[in-house]
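Take a look at the structure below.
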Amino acid sequence: MLVVRFIRALMVCLVTLGASDLAQNYYKAAQKAERAGDVLNAYLLYARAAALEPGNLEFAAKKASLRIAANRSAHTDFGPDPAQSPEREAEPHEAAETRPLLSPPRFAPSGEKKSFDLKGDAQSVFEKVGEAYGIKFTFDSDYQSPPQFIFRMNDAGFQDALRALELVSNSFAVALDPHQGLVARDTQAKRNQHVPVVAASIPIPERTSVQDAQEMMTAVQTSLDIRRAQFDPNRHVVILRAEEGKIAAAERLFATLSHMRPQVELDVQFLEVDKTSSLGYGLALPNQLSVVNFLGPVALPAVFSELKELTGSATPYGVGIGNASILATLARASAIDLLDAQILALDGQAATLHVGERYPIATNQYVGNTAGQTGTVYTPPPAITFEDLGLVMKITPSINADQQITLDLESEFKTLGAVSPVAGIPVINNRSYKATVRLQEGEWAVISGLIQLNDSDTRSGYPGLIDVPILGRLFAQNNIEHDSTQVLLVLKPHVVDEPTWDAQPQPPSIWVGTDTRTLTVN
């Protein structure tokens, strides 16, 4: 019997020594896989080592610290501990099932406020502070505790106590589950290894233009030092991948920057007044004489004899004098054209108004001579562009804090001119105007004006006779015309929505930590 018991004890010792060696081998292999970046394989090897040596806290801490990263790497939730559940083949429906990714765990401490007066190393202080709020802390395998320090706080919540303890001990804590956390030294390598990385899609309102959304993404990415960011213009979504603390700050920044900008309504009036007047008066004297031969083909013997008795001359020729007339005419005409339009624009965004038509102009056409050529001659089709004729306005409003509105104006007035002798391309007459105007809300402003005058004075009559002072106009035909065209462009702005500084309080500042230590969301 003694021999049998001795053999059994020896076998147990050998098995224990073999399991210990095997656990160490698993642990070393897991460290090698972790350094190589294979998080999933490293977690599985740590789990095997912890299962072989359940009492080894170092193995358990490494397994717990890599559990979240392994879940993200595998794109699934592991469920129970693989070291404590039997291995089995996955069912076909389970293999085809896609499971959603899990959110990073958060601490669930007690809401009570505690007071502390502790002295010791970082590990003991972390354990006592965590125990006060129902949180159990484990430490990284190569955690080096700083020199002993004194930790005093009164009526502190868990977040405040944890932030202060992290600062004093140059450490940081991440949640492994609601009641367990991992503490590591605050270095960039450890943060890259343990701090959860989150991929988030942040929607941008549809009313925001693509250019504004891209500028918002650039501002947030630069201010928070987020390396991976992409904007989807089709879905109006910004996709970010960064530490959880940066993602939380980015969401708040996008919410602040996405507030609706105020709108400005512009009343635009285009006034055109045409006046025409014409005056005609004078004496219309005959300006031609006719000589008549009475002995010609049409003879008038009776008339000829009567003329002989009257004039005492027997000449067969006569001079005909036409009728004279007195004329006096007066005509007046006036026309007023009014174009009243309204433009609605966002603060800082340009709006365009076009009143007129689009005229096609051939910019490139074939004008070669095809005479004398045999066969089918290919004539390339002309290249045509459309020119905007009429009034084209581009207005960019900006609302100032003193209830004034600044307008950046660009206006063009294009008309069709004479046809160029080269290929029959017309000439475009263009008048442009650029300015910046600052107005009170509801105040009219004359942006531009154009006055055209055309006066003409025409006289016709006998040479020399029409040059006689005063009496010359009585023996002439006088035509006096006056044409005038006045064009005015006026506008008046109205604020439709209140500016952001009037409608909402100043947004609060966002605590994101320091440049080298990003705030860890717990």
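The values are calculated or read from the model by the stated rules, or taken from the named source; none is laboratory data. Nothing here was measured: the structure is a model prediction, and the numbers come from that model. With ideal geometry, Cβ positions are generated from the backbone for all residues, glycine too; neighbour counts draw on all protein chains shown. These area figures cover heavy atoms from the full protein model, side chains too; ligands, DNA and RNA do not enter into them. Shrake-Rupley method; radii C 1.70, N 1.55, O 1.52, S 1.80 Å.
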List the residue pairs whose Cβ atoms are under 6 Å apart, where the first residue sits in segment 448-475 and is polar (S, T, N, Q), the second is part of a strand (DSSP E or B), and the two are 6 or more positions apart or on different chains. Ser448/Tyr433; Ser448/Leu489; Gln452/Thr485; Asn454/Asp483; Ser456/Glu481; Thr458/Asn479; Ser460/Gln477
Tally up the residues in segment 408-461 that are under 30 Å from Gly280 (Cβ atoms), among the aliphatic types (A, V, I, L, M) and open to solvent by less than 60 Å² (accessible area, probe 1.4 Å), please. 1
Identify the residue in segment 130-145 that is without any contact (Cβ under 8 Å) to a residue 60 or more places away in the chain and open to solvent by less than 30 Å² (accessible area, probe 1.4 Å) and, among all such residues, is nearest to Arg185 (Cα to Cα). Tyr143
What are the residues in segment 243-259 that are of a type outside the set (D, E, K, R) and open to solvent by 30 Å² or more (accessible area, probe 1.4 Å), if any? Ala248, Leu253, Ala255, Thr256, Leu257, His259
Kindly establish whether Ile466 is of a type in the set (A, V, I, L, M) and more than 30 Å from Met260 (Cβ to Cβ). yes
If you go through segment 168-186, how many residues are within 16 Å of Glu243 (Cα to Cα) and surrounded by fewer than 20 Cβ atoms within 10 Å (Cβ to Cβ)? 1
Can you name the condition, by its number, that Pro233 falls short on among (1) free of Cβ contacts under 8 Å to residues at least 12 places away in the same chain; (2) within 14 Å of the chain's Cα centre (by Cα)? (1)
Residue that is nearest to the chain's Cα centre (by Cα), among those in segment 471-518 that are open to solvent by less than 40 Å² (accessible area, probe 1.4 Å) and modelled with pLDDT under 75: Pro499
Only residues that are of a type in the set (Val, Ile, Thr) and either surrounded by 15 or more Cβ atoms within 10 Å (Cβ to Cβ) or in contact (Cβ under 8 Å) with a residue 40 or more places away in the chain (or both): list them for segment 187-220, please. Val195, Val197, Val198, Ile202, Ile204, Thr208, Val220
Which residue pairs have Cβ atoms closer than 8 Å, lie 6 or more positions apart in sequence or on different chains, and pair a first residue in segment 239-263 that is farther than 30 Å from Glu441 by Cβ with a second residue that is charged (D, E, K, R) and open to solvent by less than 20 Å² (accessible area, probe 1.4 Å)? Glu243/Arg191
Which residue out of Thr256, Thr218 is in a helix (DSSP H, G or I), out of contact with any Asp or Glu (no Cβ under 7 Å at 6 or more places or on another chain), more than 30 Å from Ser448 (Cα to Cα) and modelled with pLDDT of 90 or more? Thr218
